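The values are calculated or read from the model by the stated rules, or taken from the named source; none is laboratory data. Treat the numbers as computed from the prediction; the structure is a model and nothing was measured. Please note: Cβ atoms are built from the backbone with ideal geometry, for glycine as well, and neighbour counts cover all protein chains shown.
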């Protein structure tokens with residue numbers, strides 16, 4: 001009986017996380033590589049590609065274009081990125097050294 005209850009609780013918790021809190025399955029802070037950058041109307045915009053822990057491109061996420069930044073970044077730079085509240089609106093914290 002305890003095994004059935006354990007499985008029920010796991011299933012219920014996983015479903016709740018998936019529907020109500022999907023962002024907690026992914027890290028809120030991660031690294032990203034600058035794929036390209038442009039300047040438009042005096043503002044800098046970059047396209048980012050999220051990286052895995054080992055530094056390889058994370059193919060589970062598409063490139064994220066048009067991220068506005070006040071930092072001077074160039075193609076190939078690796079930056080620390082915060083994904084606030086699970087939204088796909090990255091905030092660039094700074095360049096990784």
- Can you give me the number of residues within segment 39-93 that are outside any loop (DSSP other than H, G, I, E, B), in contact (Cβ under 8 Å) with a residue 12 or more places away in the chain and exposed (fewer than 10 other Cβ atoms within 10 Å of the Cβ)? 1
- When segment 20-31 is examined, which residues are found to be touching a residue at least 60 places away in the same chain (Cβ under 8 Å) and not in a helix (DSSP H, G or I)? 21, 26, 29, 31
- Message: Looking at segment 30-41, can you tell me whether even one residue there is over 15 Å from the mean Cα position of the chain (by Cα) and farther than 20 Å from residue 93 by Cα?
- Response: yes
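Looking at segment 13-23, can you tell me whether even one residue there is loosely packed, with under 10 Cβ neighbours inside 10 Å and modelled with pLDDT under 95?
Yes, that holds for at least one residue.
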- Item | Among (1) under 25 Å from residue 97 (Cβ atoms); (2) assigned to a loop (DSSP other than H, G, I, E, B) - the single one residue 35 does not satisfy | (2)
